[in-house]
Amino acid sequence: MNLRAILMGLAFALMWSSAFTSARVIVSYAPPLASLSLRFFVSGLIGVGLALMLRQSFRLSRAQWRATIIFGICQNALYLGLNFVAMQWVEAGLASIIASTMPLMVALAGFLLFGDRLKPLAFLGLVMGVGGVMLIMGTRIGVGADATGVALCVMGAIALTVATLSVRGASSGGNVMMIVGLQMFVGSALLAVASAVTETISVTWSWQLIVAFVYTTLVPGLAATWVWFTLVNQIGAVKAATFHFLNPFFGVAVAAILLGEKLGALDVLGVTVIAAGILAVQLSKQNPTRT
């Protein structure tokens, strides 16, 4: 892994983790699903526009179209939609911790659904990850964390797991920025329908809302997605996913700095254990026996 890939991985982890803090701000002033639908629509316009400027084509392979649609549904509509709704009641740091367990869920899904063999290091990582999550959940729920919001975050993490399993098909064959823009439109359309059915549009305008919306649209929305697809295309999904072990740290750090969310000693311990578990799982895949 070269220096460029390392810097891209660090940038992705920071951008991805910061999305929870900006989302927490947005849902304080506007309906979550409508806001997210608009964000995806704007991101999609920008992404497709940039793709056309780069002379990329709408002509995607069948595998690319399938993966793009799955990614748009699972990551944008389900994962982010559920997290935006949950963020009305759940702190940004806790939401980021739950979402960061996705690599553990991917490893577990491979074992349970596809019969992948787990190396001892991977098994240890799964045990550590589950233990860290239980430690944090026990602490947070004990002090009044909303159970419904936590459940929505868990469902979102499962959807993100499915999206991640489809990302290789989306990142191969070129047209990366076009794929980024198109999967934004998929999420926007589905969330617009969901918002129309379930939400009453009421917005409290403020500079915080505008800054958070612009940031979320451009940085976690477009930039992070492009960096992720590009990183996977360069070094592979297994190596790229290693950077997810940084997400618990970045997620709680950004929320603590910008939103003033409190961190207890058990939270720090739980985040450390989860991060170590994620890293162990990913390192166990560096020399896979199956391809």
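Whole-Hz Karplus values for segment 76-85 come out as 6, 6, 8, 4, 6, x, 5, 5, 5, 5 Hz, taken residue by residue from phi with 6.51 cos²θ - 1.76 cosθ + 1.60 and θ = phi - 60°; glycine and proline positions read x. Ranking ASN247, THR139, THR200 by Cα position along the charge dipole of the chain, where only Lys, Arg, Asp and Glu carry charges on their C-beta atoms, puts ASN247 farthest toward the positive end.
Panel order for THR200, THR225, THR21, THR272, by other beta carbons found within 10 Å of each beta carbon, from fewest to most: THR200, THR272, THR225, THR21. Only DSSP H runs of four or more residues enter the estimate; each adds -39500 (n - 2.57), and after division by the residues of the chain the mean residue ellipticity at 222 nm equals -23500 deg cm²/dmol. State the label only: which of [x] 29, 27, 15; [y] 27, 26, 16; [z] 28, 23, 17 corresponds to semi-axes √(5λ) of the Cα gyration tensor in Å computed from the shown model? Of the labelled values, this structure produces [y].
What does the charge dipole of segment 3-283 about its Cα centre add up to, to the nearest 20 debye, if the Cβ of each Lys and Arg holds +1 and the Cβ of each Asp and Glu holds -1?
Working: 13 positive and 6 negative charges, 168 e Å.
The calculation lands at about 800 debye.
Across segment 3-283, C-alpha contacts under 8 Å between residues 6 or more apart give a mean separation that, scaled by the residue count, equals a relative contact order of 42 percent. Does segment 71-129 classify as rounded, prolate or oblate by the C-alpha gyration tensor (a ≥ b ≥ c root eigenvalues; a/c under 1.5 gives rounded; else a/b over b/c gives prolate, otherwise oblate)? Oblate. Counting only lysines at least 8 places from LYS119 when in the same chain, those with an alpha carbon closer than 18 Å to its own are LYS239, LYS285.
Near the amide H of SER206, within less than 5 Å, lie no amide hydrogens of residues on another chain or at least 5 residues away, with H placed in the peptide plane.
Just so you know, all these numbers are worked out from the coordinates, no wet-lab data involved. Everything numeric here is computed off the predicted structure, so don't read it as measured data. Note that each Cβ is placed from the backbone with ideal geometry, even for glycine, and that neighbours are counted across all protein chains shown.
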